[in-house]
Amino acid sequence: MFLKKLELFGFKSFADKTEFVFEPGIACIVGPNGCGKSNIVDAVKWCLGDQSPKSLRGDQMTDVIFNGAEGRAALNMAEVTLIFDNEDFALHSEYPEIMVTRRLSRSGESEYLINKRPARLKDVRELFLDTGVGVQAYSIVEQGRIASLLSANSVERRVVFEEAAGISKYKARRNEAMRKLERVEANLLRVTDIIEEVNRQLRSTKRQAGIARRYREHLDSIRDMRLALSARNYEQAREKERQFRDRFEEVDGMIESQSTQLDELGTVVRDTEIEMMRVEHDISDFRERL
Ligand code: ATP
Ligand code: MG
C-alpha cells in the first residue's frame, strides 16, 4: 500500500486544481519558505479526517478554503482527494485502489467520499486503522513533531506505539462497545423505571378490580335476598288467600243453612197463618151459631 496521488482544489494556497503523483520509493518536495510544502501535509491530514483547525494551522475549519491572493478571488469550497494503491489489501477494503475525498464549503457543509461514494468520517478512520496511516498515526511527522514526540509524556507516546502495534483498532472497538454498554445501561434503567411504573398501575388496577368484585358479590347477594323476600311475601299472600277462601266458604255454607232454615220457618209461618185463619173462621162460625 502506498500513496499514489494527491489532488488538491481550493485547499489553502492551492487555488487551481493541482495533482501530485507519487511513485513507489522516496518522493521529495522542495521549495522556498512559504511556497506551500506544509500545506500539502495539511491536505493529507485533513483528507484523513483531521478535526482540529489548530493542527491544520488555522483558527476554524473553513480557514483551509483558499481565501484569496493577489489578483485571485477567494473560493467557496475546498476539496482534497488521496488515491492509495491497495494491491496488497493492507487497507480494510476489497478494492485494489482506494480514493478518499473530503469536501468543505464555506457554509460549513462537509462530506467524505470513499471511491466516490458518500461515507462517514468513521468509515474513513476505520479504513486506515492500524495501518500506520491516519491523523493520530506515526506516518505523518511534521515540522517540529520529532521534537515534540521526544519531549512527549509516556501517555502521548503510547498512542503512537499502539498504532504501530496494531491494537488501536481493538481499543477503538472497545471504546465503542463501552459506549454502547453505557447506552444499554441507560436504557435498562429506563426500562426498570417503566416496569416500576407499570407495577404501580397494576397494583392500583388490582385494588380497583377487588372493589369491583366485592361490589358484584354484594349486588348478587342483594338480588338473592330480594328474590327470597319476594318468594316469602308471595307464599304468605297465598296462605292468606287460602285462609280467606276457607273462611268465605264457611260463611257461604252458613248463609245457605240459615236461608234453608228461613225458608222452613217461612213455611211454618204460612201454615200457622192458614191454621190461624181456619181457627178464626171456626171462631166466627161458633159466634154465629152462638
Ligand atoms: P516553510 O518552508 O516556511 O515551512 P511552507 O512551504 O511549509 O513554508 P506553508 O506553510 O505550507 O509553507 O504555506 C504557507 C502559505 O500558504 C502562506 O503564503 C499562506 O498565505 C498560504 N495560505 C495558507 N492558508 C491559505 C488560504 N486559506 N488561502 C490562501 N492561502 C493560504
Ligand atoms: Mg512548512
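The values are calculated or read from the model by the stated rules, or taken from the named source; none is laboratory data. None of these values were measured; they are calculated from a predicted model. In this analysis, Cβ positions are derived from the backbone assuming ideal geometry, glycine residues included, and neighbour counts consider all displayed protein chains. Areas reflect the complete protein model, heavy atoms only, side chains present, ligands, DNA and RNA absent. Shrake-Rupley method; radii C 1.70, N 1.55, O 1.52, S 1.80 Å.
Residues whose amide H falls under 5 Å from that of residue 86, counting only those 5 or more places apart or on a different chain, are 97, 98, with hydrogens built in the peptide plane. Relative to the Cα centre, the charge distribution of segment 162-290, modelled as +1 at Lys and Arg Cβ and -1 at Asp and Glu Cβ, gives a dipole magnitude of about 3120 debye.
Gain on full extension, evaluated as 0.36 nm per residue between residue 227 and residue 115 minus their Cα-Cα distance, stands at 31.4 nm. Projected onto planes of every orientation and averaged, the convex hull of the alpha-carbon atoms in segment 70-147 covers 7.6 nm².
Seen from residue 177, the other residues with C-beta closer than 12 Å to its C-beta sum to a net charge of +4, counting Lys and Arg as +1 and Asp and Glu as -1. Per atom type, the chain shows carbon and sulfur on 56% of its accessible surface, probed at 1.4 Å. Charging the Cβ of each Asp and Glu at -1 and of each Lys and Arg at +1, and nothing else, the dipole of the chain about its Cα centre rounds to 2940 debye. Across segment 22-27, coupling constants 3J(HN,Hα) worked out from phi with the 6.51/-1.76/1.60 Karplus curve, θ = phi - 60°, read 10, 9, x, x, 9, 10 Hz, and Gly and Pro carry x. Centre-to-centre, using Cα atoms only, segment 260-278 and segment 188-239 are separated by 82 Å. Of the residues 156, 126, 275, the one that moves most in a GNM of the chain with alpha-carbon contacts below 10 Å is 275.
Applied to segment 36-46, the Karplus parametrisation 6.51 cos²θ - 1.76 cosθ + 1.60 on θ = phi - 60° returns per-residue 3J(HN,Hα) values of x, 5, 5, 4, 5, 5, 4, 4, 5, 4, 4 Hz, with x for Gly and Pro.
Phi-derived couplings, Karplus 6.51 cos²θ - 1.76 cosθ + 1.60 at θ = phi - 60°, listed residue by residue for segment 62-77: 5, 5, 7, 7, 3, 10, x, 8, 4, x, 10, 6, 5, 9, 9, 8 Hz, with x used for Gly and Pro.
Can you compute log10 of I(q)/I(0) for segment 135-289 with the Debye formula, treating each Cα as one identical point scatterer, at q = 0.18 Å⁻¹? So the normalised log intensities are -1.15. The base-10 log of I(q)/I(0) for segment 22-81, evaluated at q = 0.14, 0.19 Å⁻¹, reads -0.48, -0.85 [Debye formula, identical scatterers on Cα atoms, solvent excluded].
Ordering 178, 1 by accessible surface, largest first, gives 178, 1; the 1.4 Å probe counts only protein heavy atoms, with every chain in place. Taking label positions 7 Å along the Cα-Cβ direction at both residue 272 and residue 95, the computed distance is 15.0 nm, reported to one decimal. Close amide H pairs (under 5 Å, H built 1.01 Å from N) link residue 11 with 66, 79, residues at least 5 positions away or on another chain.
Across the chain, Cα-Cα distances exceeding 27 Å account for 68% of all pairs.
The residues of the chain have, on average, 75 Å² of accessible surface per residue, using a 1.4 Å probe with all protein chains present. Sort out for me the Cα centre separation of segment 60-118 from segment 11-48, rounded to whole Å. When both Cα centres are located, 13 Å separates them. Assuming charge only on the beta carbon of Lys and Arg (+1) and of Asp and Glu (-1), the dipole of segment 12-57 about its Cα centre is about 240 debye to the nearest 20. With label points built 7 Å along Cα→Cβ from the Cα atoms of residue 189 and residue 242, find their separation and express it in nm. Distance between the two pseudo-spin positions: 8.2 nm. Of the whole protein surface, residue 17 contributes about 140 Å² of accessible area at a 1.4 Å probe radius.
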